[in-house]
Every structure is written in structure tokens, then in C-alpha cells.
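The values are calculated or read from the model by the stated rules, or taken from the named source; none is laboratory data. These numbers were taken from a predicted model, which means no experiment stands behind them. Backbone-built Cβ (ideal geometry, glycine too); neighbour counts: all protein chains shown. Keep in mind that these areas ignore ligands, DNA and RNA; they rest on the heavy atoms of the full protein, side chains included. Shrake-Rupley method; radii C 1.70, N 1.55, O 1.52, S 1.80 Å.
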Amino acid sequence: MNGSSLKDQKEVDIDIRQVFEQLKNNQFKVANYDLRQRKSRLDQLQQTILNFREKIKDALYRDFQKHAFEVDLTEIYPVISEIKQAKRNLRRWMGHHPVSTPISLLGSRSRIHYEPKGIVLIISPWNFPVTLTLGPLVSAIAAGNTVILKPSEQTPAATAVMQEIIELVFPPEEVVLIPGGVETSRKLLSLPFNHIFFTGSSKVGKIIMESAAKNLASVTLELGGKSPTIIDASANIRQAARRIIWAKFINCGQICIAPDHIYVQETVSREFIATLKQYLNQYFGNDAREEPSYARLVNHSHYERLVEYLENALKNGASIEYGGNMSQPEKYIEPTILTGTSPESLLMNEEIFGPLLPVIPFSDMDELVHILNKKEKPLASYIYSKSNKNIKKLIESTRSGAICINHSGIHFYNSNLPFGGSNFSGIGKAHGWFGFQAFSNARAVYNQIIPGPLEILIPPYNKIKQRVLDFAIKYL
Ligand code: NAD
């Protein structure tokens, strides 16, 4: 590194620290914003996002050729709906949450107060850059925090437009967006934030948790994983095929909750594959490259990664049932269906995060449950079935962040549900009330109004006091 770039580096350091201090010093002012003030920030954010709707679409087309309709569906709508949900419920969320009082504490009143954590850091990925940056921001400001946002370096156009939005809506002592890559992220992680909300890969999630541990910052980790999809013999095959194609190939398969791979009961496996092919032709035509609704991979490294998975699968005995065409300069891979993928192949062990879809036949549900439970807990699991017995079995005998019955990925849109994984697929939950809680400390507020029964249990102890305690242990 030469002298001048060293100097640049130092200046960046100073800036980040200064921004941090400014937000930290302002945290109590923001925390004390009343309902009207917090709602007003949410209103301004909503209006500005709507004013920037075309600019956001334009940015995402530049970043990875994402279709304008998909931007509305997966970037604008989820954030606007998160804002509306927060505005509708904020009075209740911010208010006192009384809890009941045990008889032993008669004379007191208790409640929970959700106070802001303080200064929080939101690090987001590129695959839904707006939703996964501004969505958590909604929860963070609803909860009364000051915030630093660090979006992904992989989608620079989206980052630039979000920075414009943030600078228009928030004063710099409330919310700041800092663009940058891994180095910027590392510098931010060295600062003593009160909470870190990270969305990204499990690999980086571990780095985040390690850094947070140094300051004992709490974390929400929204990670990835391999979400399995099960289709049993009772399923409506046409419906399953349509919904799976939607959830798998939107965003060119670059979705954390995409059906990663399919287990289909062998008696309906040929019918399912034939139906998939039929709908793929109907949705994307003979050449998906020509279909404007089909996005591209975000960068060459993800393209090369997927080509490696595909080649590795073919080398290990898989065959291509549909698709397989690709173009390196365009970062294009056709929607591709594979069968015969070996359990040892990369495709069956790494998160696919792209338009490759292995279909694996199975015969027995118990055996399948056993296979599923040998893997890390996924972010979601999906079952297409009319059999209550099979649905119940999957719910009761397996684990995942979410489970969808007869659909895939759609649970993301219900903000009344917690969104997040478990262990390898994540820690903590996002969306609505769960997002508000993630950015809040549930503070116990206990108020002794009149003297209670425990008052008499102070030293010196005697037989009467012992009897009172015996009674409490036995009956209260
Ligand atoms: P990533 O983990 O590579 O990067 C995410 C963020 O972390 C980026 O802002 C990046 O700059 C930063 N980062 C990367 N390496 C870092 C390091 N060594 N130290 C500190 N910061 C670092 O993820 P990605 O490629 O942007 O996104 C894809 C991944 O995100 C997939 O695994 C996907 O499943 C997951 N994801 C999860 C959810 C969810 O809600 N659970 C949503 C979308 C994506």
C-alpha cells in the first residue's frame, strides 16, 4: 500500500468512528421520540421510497437485470408493508405491557417496557438489497434506535439509491448508510454497537457473531441454508410445479428461502418433472435469455460457483432433465432441472442460491424424515401434500425456521409471522412485532406499591417465618 492510500484508509477509519460517536451521543434523544415522531419518520421513509420507485427499479436492473415487476413485488411491496404494519401497531408495541402478579408479590405491579437497544448496525446482502436493508431499518427505527446501515458492495446501484433515500429522510445523527465491502464491514464490527442485525451467509454469520462477542453485542443472524421441498403422492402436482417454479426462479434463484432441492415421491416423480418442464416452457419460453422477467446472476464469481456445482454434479452421475444452457459474459444460467444427483455432490451439500434444481425421488416418508434430520436445520421447509398425516409428520418430526404447506417462500409476506432460521440458518427473528423485539431490550419494570407478604421474611428468621415459607413452597 502506498503512502496516500494509507492516509485514505485512516481517514475512512476516522469517519466511521466519528459517525458512530455522533449516533451514540444522539441515542437518548431518538429513544425518547414519542409515537407521533416515530410514526412521522416512518411516513417520510414510506413516501420517499414511493417517490424513488422508478429509480430503485432502474438501479436493480443495472445491478443484475432484475425485472421491474419483481422489484415491485420483492423490494418495494415488502418494505412498504413492513412500514404500514409498524405504523398500525406502534402504539401497542411502544406502550406498557402489563404482566400478572403472583400472590406472593401482592402489593406490586409489573410490566415490560420495550426500550431501544441504542445504536445498532444493519449489514445486508445483495440478493434483495432494498428489502433486506430497509426492512430491518423499519423495525430498528420503530423501536427507537440510531442506526448504521452497511449494504452489500455487490449491488452498487441499489446502495447509491438507498443512500439518497436515507440522506433525504434522516438527519445524520439518526441513521447513516455507509457503503463499502468487507473492509468497511470489519471496521464497523470493531465498534461497540448495542445490536448487530446481519443478513447473509452462514460463513460470514460466524464472523459477525465472533466480532459481536468482543463487545457482548446481541445479534440477529438471518442466514442461508438448503430449504428442502417435499412432494408426496397425494399432492396436486400442477399446483406444486407452478408454485415451485415461482419460488425457485424468481430473482434467478438467488433467494435464501428458495426451494433448494426437491424430494418427490417416486410414484409421481415422472409426472412432476414433465409438469415442471411444461410450465417452465410456458413461463420462460424456449430461451429464458430472451425473457425479460428472468434475471441474471449478480457477478462472475457466483456464475463460476454454479458452473462448478453443475459440472461436479454431472461428473458424479447427475443428468440434466431441462435447461443447462449458460453464457459466461452475460452471467446467465438457464432454469435447470437435474436428476440423479449424488448425495456427495456439491449441489447436495452447499446452498445452491441459483437456478439449478435437483429433483430426488423418495419412497418412504419415515426414511425421508431421517435424511432431513441428518442435515443442518434449514431456513424453511416446504411440503406439497393432501395427506394430513404426512404434513403432521413433517411438522412434528423435523426442524426448520419456517414451514409452508402447499406453497414455497410465501410466508415471507406475512409480517405477523416471525421470519428467521434456527442455528445454522439463523439466530433471532425479523418482521413486524418480532423485528421490533429484536431491536428492543425487554426491560422488566417492577413497582412495589404497598408492602407485600414477603416483607415479613427478613432476618432474624424464626419458626413462624419458616411456616409461612413452608406454606408458600407448598401452595403458592
Ligand atoms: P455474504 O455473507 O457474503 O455478505 C453479506 C454482507 O456481509 C455484505 O454486506 C458483505 O459486505 C458483508 N461481508 C462479507 N464478508 C464479510 C466478512 N468477512 N466480514 C464482515 N462482513 C462481511 O452474503 P451475500 O453473498 O451478500 O448473500 C447471500 C447469502 O445471504 C446467502 O447465503 C443467503 O442465503 C443469505 N441470505 C439470507 C437471508 C435471510 O433472510 N435469512 C436473506 C437473503 C440472503
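Taken over segment 383-412, the residue count meeting the criterion of being assigned to a helix (DSSP H, G or I) and either at pLDDT below 95 or open to solvent by less than 40 Å² (accessible area, probe 1.4 Å) (or both) is 5.
Of the candidates I250, I257, the single residue that is modelled with pLDDT under 95 and within 16 Å of the ligand (Cβ to nearest atom) is I250.
Would you confirm, using the coordinates I've provided, whether G205 is at positive phi and not polar (S, T, N, Q)? So G205 fails the test.
For the condition assigned to a loop (DSSP other than H, G, I, E, B) and open to solvent by 60 Å² or more (accessible area, probe 1.4 Å), what is the one hit in N416, N441, N447? Lay out the reasoning, then the answer.
Values: N441 fails: assigned to a loop (DSSP other than H, G, I, E, B); N447 fails: assigned to a loop (DSSP other than H, G, I, E, B).
Just a single option satisfies the conditions, and that option is N416.
Before we move on, is P329 over 24 Å from the mean Cα position of the chain (by Cα) and without any contact (Cβ under 8 Å) to a residue 24 or more places away in the chain? Give the steps one after another, and end with the answer.
Details: over 24 Å from the mean Cα position of the chain (by Cα): yes; without any contact (Cβ under 8 Å) to a residue 24 or more places away in the chain: yes.
Answer is yes for this residue.
The residue of segment 419-435 that is most open to solvent (accessible area, probe 1.4 Å), among those that are part of a loop (DSSP other than H, G, I, E, B) and closer than 16 Å to P78 by Cβ, is K429.
Can you pull out the residues in segment 140-158 that are assigned to a helix (DSSP H, G or I) and open to solvent by 10 Å² or more (accessible area, probe 1.4 Å)? Give the derivation first.
Initial filter on segment 140-158 (assigned to a helix (DSSP H, G or I)): 140-142, 156-158.
I141, P156, A157 - these are the residues of segment 140-158 that are assigned to a helix (DSSP H, G or I) and open to solvent by 10 Å² or more (accessible area, probe 1.4 Å).
Report whether or not Y294 is crowded, with 21+ Cβ neighbours inside 10 Å, within 16 Å of the ligand (Cβ to nearest atom) and not small (G, A, S). When the stated conditions are applied, Y294 does not pass them. All of S327, S301 fail the test of being surrounded by fewer than 21 Cβ atoms within 10 Å (Cβ to Cβ), of a type in the set (G, A, S), farther than 30 Å from I395 by Cβ and within 16 Å of the ligand (Cβ to nearest atom), apart from S301.
Do we find a residue being away from the ligand (no atom under 12 Å from the Cβ) and surrounded by fewer than 18 Cβ atoms within 10 Å (Cβ to Cβ) anywhere in segment 119-130? Within segment 119-130 (the criterion being away from the ligand (no atom under 12 Å from the Cβ) and surrounded by fewer than 18 Cβ atoms within 10 Å (Cβ to Cβ)), the answer is no, since none of the residues qualifies.
Taking every residue in segment 359-374 that is assigned by TED's automatic domain parsing to the domain that holds G317 and within 21 Å of N388 (Cβ to Cβ) and pairing it with any residue that is among the acidic types (D, E) and surrounded by fewer than 19 Cβ atoms within 10 Å (Cβ to Cβ), at least 6 positions away or on another chain, the pairs with Cβ-Cβ distances below 6 Å are S363/E266. Anything in segment 179-204 that is crowded, with 22+ Cβ neighbours inside 10 Å, within 7 Å of the ligand (Cβ to nearest atom) and part of a loop (DSSP other than H, G, I, E, B)? List them, or say none. Result: G200, single match.
Kindly evaluate V71 against the criterion of being within 22 Å of the chain's Cα centre (by Cα), closer than 23 Å to E290 by Cα, free of Cβ contacts under 8 Å to residues at least 60 places away in the same chain and assigned to a helix (DSSP H, G or I). In short, yes. Only one of the listed residues (I255, I245, I262, I273) is open to solvent by less than 10 Å² (accessible area, probe 1.4 Å), in the same structural domain as I333 (by TED's automatic domain parsing) and closer than 17 Å to E70 by Cβ. That residue is I245.
Every condition in (1) away from the ligand (no atom under 12 Å from the Cβ); (2) in a helix (DSSP H, G or I); (3) of a type in the set (V, I, T); (4) within 21 Å of the chain's Cα centre (by Cα) is met by I207 except one, and the failing one is (1).
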